[in-house]
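The values are calculated or read from the model by the stated rules, or taken from the named source; none is laboratory data. Keep in mind that this is a model prediction, so the values were computed, not measured. Virtual Cβ from ideal backbone geometry, glycine too; neighbours counted across all protein chains shown. Just so you know, the surface numbers come from the protein's heavy atoms only, side chains and all, with ligands and any DNA or RNA stripped out. Shrake-Rupley method; radii C 1.70, N 1.55, O 1.52, S 1.80 Å.
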Amino acid sequence: MSDSTSTVSTAPSANTFLPVVPEWRRMMNRFLGHRGLLMGSIILGLIVVLAILAPWLAPHDPYLQNISQRMIPPVWHEKGSWEHIFGTDKLGRDYLSRLLYGARISLTIGLSAALISGLIGTTLGVLAGYFGGRVDAVISYIITTRLAMPVVLVALAMSALVGGSLQMVIILLGLLLWDRFAVVARSTTQQLRDAEFIASAKVLGASTTYILVRELLPNILSALIVVMTLEMAHAILLEATLSFLGLGVQPPMPSWGLMISEGKAYMFFKTWVIAIPGIALMVLVLAINLVGDGLRDMNAPEGRN
Amino acid sequence: MSEYALELSNLSRHFYLKNGAFKEPTLLKAVDGISLRIRPGETLGLVGESGCGKSTLAKMILGLLEPTNGDVLINDKARGSSSRLSMSRQLQPIFQDPYSSLNPRKTIEQIIRLPLQLHKIGDAKSQQKAVKDISDLVGLPERLLKNYPGQLSGGQRQRVAIARALILKPSILVCDEPTSALDVSVQAQILNLLMDLKKELGLTYLFISHNLGVVEHLVDRVAVMYRGKIVEQGTREQIFQNAQHPYTQALLSSVLTPEPALGLPEVLDSSTWDKAS
Ligand SMILES: Nc1ncnc2c1ncn2[C@@H]1O[C@H](COP(=O)(O)OP(=O)(O)O)[C@@H](O)[C@H]1O
Ligand SMILES: [Mg+2]
């Protein structure tokens, strides 16, 4: 150690030959190398495209009732027809059309609720993690209180109280599902708040807002996106649960949970009325979870470099 | 010109260490009444073993930590008397760990440019030019500017940190162990760079290290720190050739031992010094 300075050499900075692979190339390779992520993204992408294009893809009006066409079985049944590929429901509405429009509802609710809860949870978690001390004590108390509440029960009670609708479900779930965001944001912020790049920004006179939003947030975003996928799936399932119980999205909207609920009287003899929306729900939630798991793996430190 | 670039008077910082919920916290005097003066253009080496309070002292000078007691004067003005923005134009840090001192999500150019943006100096074009000029000065190849810190070596990262510290043209640098996280071969390059910059820009350095050997060729004066206090200070010659304090002598002999791994000899018992002094 001591002779490191006595043999001071004026070597030029020749240590500049690290292989410089573009960041997006590395990400792309890892993305393609992760089978679950690839599959999840393809399925999820497909569902999103179908939902967006629903008005053009749906063969019928999802709200159009036709009493003479009630409970037509899907095309693979002997009595099925190509007119209604997935059959019709008890009011004679085209099931495929309702399924496509239902995807819009599920995705809208999942995304909006996750965004609202993400905003709440991230704000609370970052503030608690960054400031520590009393701020942390108060926010941790709020998080604990929230964790002590059974989500489904509270959601049921609240929606019974204020009445169900699409907006209500979004707001309700948004206000309930922020706990994981807060916990993750808090712990990742705690790990970073003493990092020297934060100290450097402080010395430079950057405002606290700048430090939190521009220096810290980009570094915890990947962890938050993983939580976001989990909470999206969570919100979609909860919406289906609420709608199934009649406390969520109200008829005649084509929510998948509502479709299952409306079909439950027929489930022993006409299995497809609940199988079709049930499988759709399962595939969507599975795809989102695959994406979430994959993103988490891609951000894992052992996968770095 | 101010008489002292940096003046610390009776600076202290205490921590209360918690011992579980039911025990009294213990008091730790991490920095305990330190007074130091550095003239403009001078390099002061602050040396002491790990945990003796060097970084705590640096944080108070940088305004990252409130002193329990005492004052920090920068160019004869109290640290608290003007804003962070104006203080940061006079004094900049270089931290120990170049892996945590650069935001992994920003490009090198964004990192070096940030001080200019925060201080609203110049337009986009002149800022970009300033970034290129300063990168030249610290020996950072221009093609690395579009890269992220993760793609750079430790030495390159430390050059980025130096460029960021210098772009506001401060007169004082506080270097807290700027080379101890680097490979030995790279350490020498960075130390040389810091010395060249000092000559070229007439900088004042507070150079912190746990290793007397590192500071020997760089500093004008040395202050030796032990358990939060300065136990001895003097010119480089005084310290390296005629150290008075047993702790300084111990530090020196550990530097001079043929086996660096032996570390500090176990003659350290501050109670005997306290009685002696
Ligand atoms: N925020 C803090 N809370 C409690 N103790 C601290 C804190 N920061 C530093 N210390 C303690 O103060 C002492 C000096 O630390 P530091 O200044 O980092 O030493 P050095 O840089 O010389 O290695 C150490 O014992 C350390 O544990
Ligand atoms: Mg230190």
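Test of understanding: among B:LEU28, B:LEU64, which residue is within 16 Å of ligand 2 (Cβ to nearest atom) and open to solvent by 70 Å² or more (accessible area, probe 1.4 Å)?
After ruling out the rest, the residue left standing is B:LEU28.
Just name the residue that is farthest from the other protein chains (Cβ to nearest Cβ) out of those in region B:122-160 that are in a loop (DSSP other than H, G, I, E, B) and in contact with a Pro (Cβ under 8 Å, 6 or more places away or on another chain).
Step one: of region B:122-160, the residues in a loop (DSSP other than H, G, I, E, B) are B:122-123, B:138-141, B:147-148, B:152-153.
From what is left, the residues that are in contact with a Pro (Cβ under 8 Å, 6 or more places away or on another chain) are B:139, B:148.
Numbers: B:GLY139: 5, B:TYR148: 6 Å.
Residue satisfying both the conditions and the ranking: B:TYR148.
If the requirement is being away from ligand 1 (no atom under 16 Å from the Cβ), surrounded by 17 or more Cβ atoms within 10 Å (Cβ to Cβ) and under 18 Å from B:VAL174 (Cα atoms), which of these qualifies: B:ASN75, B:ASN103? It would help to see each step written out before you state the result.
Values: B:ASN103 fails: under 18 Å from B:VAL174 (Cα atoms).
After applying the criteria, what remains is B:ASN75.
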Worksheet entry | Of all residues making up region B:161-170, the number that are within 11 Å of chain A (Cβ to nearest Cβ) and surrounded by 23 or more Cβ atoms within 10 Å (Cβ to Cβ) | 4
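Do we find that B:PHE22 is of a type in the set (Phe, Trp, Tyr) and in contact with a strand residue (DSSP E or B) (Cβ under 7 Å, 6 or more places away or on another chain) in this structure? Let's see the steps before the verdict.
Details: of a type in the set (Phe, Trp, Tyr): yes; in contact with a strand residue (DSSP E or B) (Cβ under 7 Å, 6 or more places away or on another chain): no.
Criteria not met by B:PHE22.
Would you mention how many residues in region B:231-255 are assigned to a strand (DSSP E or B) and not acidic (Asp, Glu)? Let's see the steps before the verdict.
Taking region B:231-255 first, the residues assigned to a strand (DSSP E or B) are B:231-235.
The next check asks that each one be not acidic (Asp, Glu); those that pass are B:231, B:233-235.
Residues meeting the conditions: 4.
Tell me whether region B:43-51 contains one or more residues that are open to solvent by 10 Å² or more (accessible area, probe 1.4 Å), more than 13 Å from ligand 2 (Cβ to nearest atom) and more than 22 Å from A:ALA195 (Cα to Cα). If you could, list the steps in order and put the result at the bottom.
Our first condition is that a residue be open to solvent by 10 Å² or more (accessible area, probe 1.4 Å); within region B:43-51, this holds for B:49-51.
The next check asks that each one be more than 13 Å from ligand 2 (Cβ to nearest atom); those that pass are none.
The answer is no; no qualifying residue exists.
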Discussion item. So in region B:195-228, with the set limited to residues that are open to solvent by less than 10 Å² (accessible area, probe 1.4 Å) and out of contact with any strand residue (DSSP E or B) (no Cβ under 7 Å at 6 or more places or on another chain), which one is farthest from the other protein chains (Cβ to nearest Cβ)?
Written reply: B:LEU197
Worksheet item: For residues in region B:188-214 being assigned to a helix (DSSP H, G or I) and within 16 Å of ligand 2 (Cβ to nearest atom), which is nearest to B:GLY155 (Cα to Cα)?
Response: B:VAL214
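Would you confirm whether or not region A:227-237 contains a residue that is in a helix (DSSP H, G or I) and farther than 22 Å from A:GLY174 by Cβ?
If we filter region A:227-237 for residues that are in a helix (DSSP H, G or I), which is where we start, we get A:227-237.
Among the residues that remain, those that are also farther than 22 Å from A:GLY174 by Cβ are: none.
Looking through region A:227-237, none of the residues is in a helix (DSSP H, G or I) and farther than 22 Å from A:GLY174 by Cβ.
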Response to the item:
Exactly one of A:PRO19, A:PRO59 is at pLDDT 85 or above, open to solvent by 60 Å² or more (accessible area, probe 1.4 Å) and not in a helix (DSSP H, G or I), and that residue is A:PRO59
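Quick check: anything in region B:81-104 among the basic types (Lys, Arg), within 14 Å of chain A (Cβ to nearest Cβ) and in contact (Cβ under 8 Å) with a residue 24 or more places away in the chain? Can you show your working first?
Taking region B:81-104 as the starting set, the residues that turn out to be among the basic types (Lys, Arg) are B:84, B:89.
Now drop any that are not within 14 Å of chain A (Cβ to nearest Cβ), which leaves B:84, B:89.
Next, only the ones that are in contact (Cβ under 8 Å) with a residue 24 or more places away in the chain stay: B:89.
Yes - at least one qualifying residue is present in region B:81-104.
What strands (runs of 3 or more DSSP E) lie completely within region B:1-76 and have 3 or more residues being at negative phi, away from chain A (no Cβ under 14 Å) and under 16 Å from the mean Cα position of the chain (by Cα)?
Filter on region B:1-76 gives B:6-17, B:26-38.
What number of residues in region A:162-183 are of a type in the set (Val, Ile, Thr), at pLDDT 95 or above and under 14 Å from A:MET232 (Cα atoms)? Before you say what the answer is, go through the steps one by one.
Pass one, region A:162-183, residues of a type in the set (Val, Ile, Thr): A:162, A:169-171, A:183.
Narrowing the set further to residues that are at pLDDT 95 or above leaves A:183.
Filter once more, so that each one left must be under 14 Å from A:MET232 (Cα atoms): none.
The total comes to 0.
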Practice prompt. Could you look through region A:113-135, keep only residues that are surrounded by fewer than 19 Cβ atoms within 10 Å (Cβ to Cβ) and over 23 Å from the mean Cα position of the chain (by Cα), and pick out the one that is nearest to A:THR208 (Cα to Cα)?
Written response: A:PHE131
Worksheet entry | Per-region count, region A:182-209, residues of a type outside the set (A, V, I, L, M, F, W, C), in a helix (DSSP H, G or I) and open to solvent by 40 Å² or more (accessible area, probe 1.4 Å) | 7
